[in-house]
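Since the structure comes first, as structure tokens, the remarks are kept for the end.
The values are calculated or read from the model by the stated rules, or taken from the named source; none is laboratory data. What you see is a predicted model, and the numbers here were worked out from it, not measured in a lab. In this analysis, Cβ positions are derived from the backbone assuming ideal geometry, glycine residues included, and neighbour counts consider all displayed protein chains.
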Amino acid sequence: VELEDLKEVDKEVHSNLKWIVNNPVKDLNLTFEHCMESNGKVHEIPLKPGGQAMYVNETNKNEFVSLVVSCRTTRAVRQQLRAMREGFNSCIPSNVYEAITVEDLSTIISGTCEVDVDDWRKHTELVGWKASDNVVKWFFEMLEQASNEFRCCVLKFSCALSRPPAGGFRRMPNKFRICKTELPLPRLPTAHTCFAEIVLPEYQTRDDLIQAFQRVVVEGMDNFGIS
């Protein structure tokens, strides 16, 4: 952990430490201690054994800065870090850390960026529709011919998810549903994101359906990626 990492944790302490690095410290009467708040009380914590009797000078000030950074970023949040590590280890055994890439970890936490339309279709429930109905076929044809960006927009509009979960659509909190409304046209698609439902009227043409989604999902974008 470096001094610059502390800027995101405590800007004031970061600024003070930078001043110490760049200026003489002989008149500050600093010792190897650091003030930390715990349960509403401020405590002086020795940064090293005997730190309360050890003064900071030009020779050891970089060590002092390093110890304060370590104290603020690890020691002060040791309990929270331990809980995070235990939670992380419950998902990924520690003996496979070295085999996991940054991309693997991103997929485990956030899911995949690529939307698999066949997987989406396979894990879709129809309410009021049949798989042979034109509107259902047009919906998935639209997704197949669209850019991945557009598919993600449709997913977000429908389910408030920007990408499928790790493991695909079978791992959705609620199974994706396409529901039918009997309300008359013209009518735009609507969504119940908490239930992963999208509600469609009986559009008369494929173009009508695509244009409706363009309006509600990505209106204002220059390129929808749909042919």
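Which residue pairs have Cβ atoms under 8 Å apart, sit 6 or more places apart or on different chains, and have a first residue in segment 11-34 that is of a type in the set (Lys, Arg) and a second that is in a helix (DSSP H, G or I)?
Taking only residues 6 or more apart or on different chains, the pairs are LYS18/LEU3.
Of all the residues that make up segment 79-99, how many are within 30 Å of GLU44 (Cβ to Cβ) and either touching an Asp or Glu at 6+ places or on another chain (Cβ under 8 Å) or surrounded by 10 or more Cβ atoms within 10 Å (Cβ to Cβ) (or both)?
Result for segment 79-99: 5.
Quick one: VAL102 ticks every box in (1) more than 17 Å from the chain's Cα centre (by Cα); (2) modelled with pLDDT under 95; (3) among the β-branched types (Val, Ile, Thr); (4) loosely packed, with under 13 Cβ neighbours inside 10 Å except a single one, so which number is it?
Of (1) more than 17 Å from the chain's Cα centre (by Cα); (2) modelled with pLDDT under 95; (3) among the β-branched types (Val, Ile, Thr); (4) loosely packed, with under 13 Cβ neighbours inside 10 Å, only one is false for VAL102: (1).
Could you tell me whether LYS61 is more than 30 Å from ASN22 (Cβ to Cβ) and out of contact with any Ser or Thr (no Cβ under 6 Å at 6 or more places or on another chain)?
no
Would you mind telling me which numbered condition in (1) among the basic types (Lys, Arg); (2) in a loop (DSSP other than H, G, I, E, B); (3) assigned by TED's automatic domain parsing to the domain that holds LYS7 LYS130 fails?
The single condition LYS130 does not satisfy is (3).
Among the residues of segment 148-200, which ones are hydroxyl-bearing (Ser, Thr, Tyr), under 20 Å from TRP138 (Cβ atoms) and either in contact with a helix residue (DSSP H, G or I) (Cβ under 9 Å, 6 or more places away or on another chain) or in a helix (DSSP H, G or I) (or both)?
SER158, THR190
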